[in-house]
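A short reminder: the numbers here are calculations on the coordinates, not readings from a lab. If you're wondering where the values come from, they're calculated on a predicted model, not measured in any experiment. Glycine gets a Cβ as well: all are built from the backbone with ideal geometry, and neighbour counts include every protein chain shown.
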Amino acid sequence: MRVVIAMMKHETNTFSPIVTDWQRFQSWGAHEGDSVQHVYADTRMPISAYMRLARANGAEIVTPIAAEAMPSGPVEEAAYEHMAQLICDAVSDGCDAVLLDLHGAMVARHTFDGEGTLLQRIRAIAPYIPIAVTCDLHCNLTHEMVDNCTALIGYKTYPHTDMYEVAEQIGTIFFDSLNGRLKPTMAWRQTQVLSQTLRQGTDDEPMRTLIAACKAAEAKPGVLAATVFGGFALADIPDSGASVIVVTDNDAELAKRIAEDIAAMIWDARAEHIYQHRDLDTALKQAAELNQGPVVLLDHADNCGSGANQDVMTVIEAVHEQGLEDVIVAAVWDPSAVTAMQQAGIGAEITLAIGGRTDMPALGLRGAPLTLRGRVKVLNDGRWTVRGPMYTGIEVDMGASAIFDTGNMQIVVVSNHIEPWDLGVFTSMGIQPQFHKYILLKSRIHYRAGFKDLAKHTITLDGVGVTTSDNDLLNYKHVRRPVYPLDRINTP
């Protein structure tokens, strides 16, 4: 048996000004051919689970590409076509099955549905080939995706700490079907709820109950997999929003009934899928009154893990003006500030303009740097390996990085976008976060993978950026209507 195994992943924020070209995939990690198997062999990524299962079933493994980029704007056509063509060429060369690690919210310049377009092309080459797909919890599921694969599943955790296990689950189903032990049958339902990422933490409601419902469904005879997708509302495409998919063993009616039941639960909890804002100054006053740390402060509107610039200084400036002491910050993306600190050297006292290098046309905002006086404390190459529960074993490249110490704040400044979901963003720079009062992170929910156990308190700070949870700031043009909460609708 010859099996094609590939990864092609991107969470696209259509409001983001950050260009997603092939270089962006390369800076995070793009590998082709046999090197894929070497790089991912000892990780906890879906592609690793796929390869282990394929070997256990005596298959020859072909790995045309494994590529992922940090969330950002629409993928450039040339980058998309390069990745898609490598996968399609591998299928054209002849294979018996395809195992794909996709995201589910990839938008390219020439297609709203990056995953569906890829799957349609594979089906056109090999109409009857079995295809298994693993997707992110933030997948915007489409007809094209479901109609052109054999079995599809999504993560049940956010932060995504179960990527390996979920791929192992669908991969086992897949190989059992190839060996004639079962027949995957899928049903799915799309809801009219545009759920916000900030409300999709699986330790929180409403997702906790929805995930529990999926697990309960999987315990029923004949149910192979059940997934609830929160969706990714920052992709302005017709299929954005929450959805459900269920895989059974040759029981279409059972799959349909469970999918409809869970979709109804999403609708009933629709108000809980929307974040309620509060004044930034009020939140910071609450933070100042807390005596015990660490206190995690979340600058969620500028989270590059959902496609933001990672250089908006609104929240950092407010924290500085509030006078909070012993604050560590991760991370501000500003290659030019890193260069200035390299030129000044470790120990130099300088006045530095940080951040604000990127305009945000979707919000009608210009970039605004923050000028601070401080000391260059650390310079390094920004490379480290993830040891925490999310992306375990992956090597991170923050690019040339530095710490700027203002006295009350130590700011990690990086040259490549990186969401702070692992302690390595600090420890690689010589900071031990557990010993600091305030930990300011440009993150939403993924920070919990590395920092949840450290935090005595967590405060969400409503700043500015293209990962805002304020729908009034976003000009939706393509999302299907009516949809909650953009429209007043009372029935699903």
Practice task
Using only the Cα atoms, work out Rg/Rh for the range 280-468, with Rh taken as the Kirkwood radius, to two decimals.
Solution key: 0.93
Fill in the blank from the handout: At q = 0.09, 0.11, 0.22 1/Å the base-10 log of I(q)/I(0) from the Debye formula over the alpha-carbon atoms of the range 360-492 is -0.38, -0.55, -1.40
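Return the loop-located GluC sites (Glu not before Pro) in the range 137-189 (DSSP other than H, G, I, E, B) with at most 12 other Cβ atoms within 10 Å of their own Cβ; answer none if there are none.
none
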Practice task
Specify the inter-centroid distance of the range 393-440 and the range 45-63, based on alpha-carbon positions, in whole Å.
Solution key: 35
Handout entry: Rounded to whole Hz, the Karplus (6.51, -1.76, 1.60) HN-Hα couplings of the range 135-142, x for glycine and proline
Key = 10, 6, 4, 8, 4, 9, 5, 10
Handout entry: the chain, relative contact order [Cα under 8 Å, separation at least 6], %
Key = 16
Completion exercise
Over all directions, the range 236-363 yields a Cα convex hull whose mean projected area in nm² is 13.8
Handout entry: Per-peptide average of other Cβ atoms within 10 Å, ordering 243-250, 19-26, 80-87 highest first
Key = 243-250, 80-87, 19-26
Problem - Cysteines not pairable in the chain (beta carbon separation under 4.7 Å absent) - result: Cys88, Cys95, Cys149, Cys214, Cys304
Practice task
Report, in whole Å, the centroid distance computed from the Cα atoms of the range 323-371 and the range 15-31.
Solution key: 21
Practice task
Within the range 123-183, list the chymotrypsin sites (Phe, Trp or Tyr not before Pro) lying in a DSSP loop whose Cβ has at most 13 other Cβ atoms in a 10 Å radius.
Solution key: Tyr128
Completion exercise
Cα pairs beyond 17 Å in the range 253-305, in percent, come to 63
Handout entry: Rg to Rh, two decimals, where the chain supplies the alpha carbon set and Rh follows Kirkwood
Key = 0.97
Practice task
Using only C-alpha positions, report the orientation-averaged shadow area of the convex hull of the range 160-269, nm², one decimal.
Solution key: 7.1
Problem - Reachable lysines from Lys456, criterion Cα separation under 26 angstrom, eight or more residues apart if same chain - result: Lys156, Lys285, Lys437, Lys442
Handout entry: Helix 77-92 vs. the chain, principal-axis angle (Cα, 0 to 90°, nearest 10)
Key = 30
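Among the trypsin sites (Lys or Arg not before Pro) in the range 416-491, which ones are in a DSSP loop with at most 16 other Cβ atoms within 10 Å of the Cβ? Mind listing them?
Filter output for the range 416-491: Lys452, Lys456, Lys477, Arg480, Arg488.
What do you get for Rg/Rh of the range 2-273 when both radii come from the Cα atoms and Rh is the Kirkwood radius?
Working: Rg = 17.3 Å, Rh = 18.4 Å.
When Rh is taken as the Kirkwood radius, the ratio is 0.94.
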Problem - For the range 325-460: relative contact order, % (alpha-carbon pairs under 8 angstrom, 6 or more apart) - result: 30
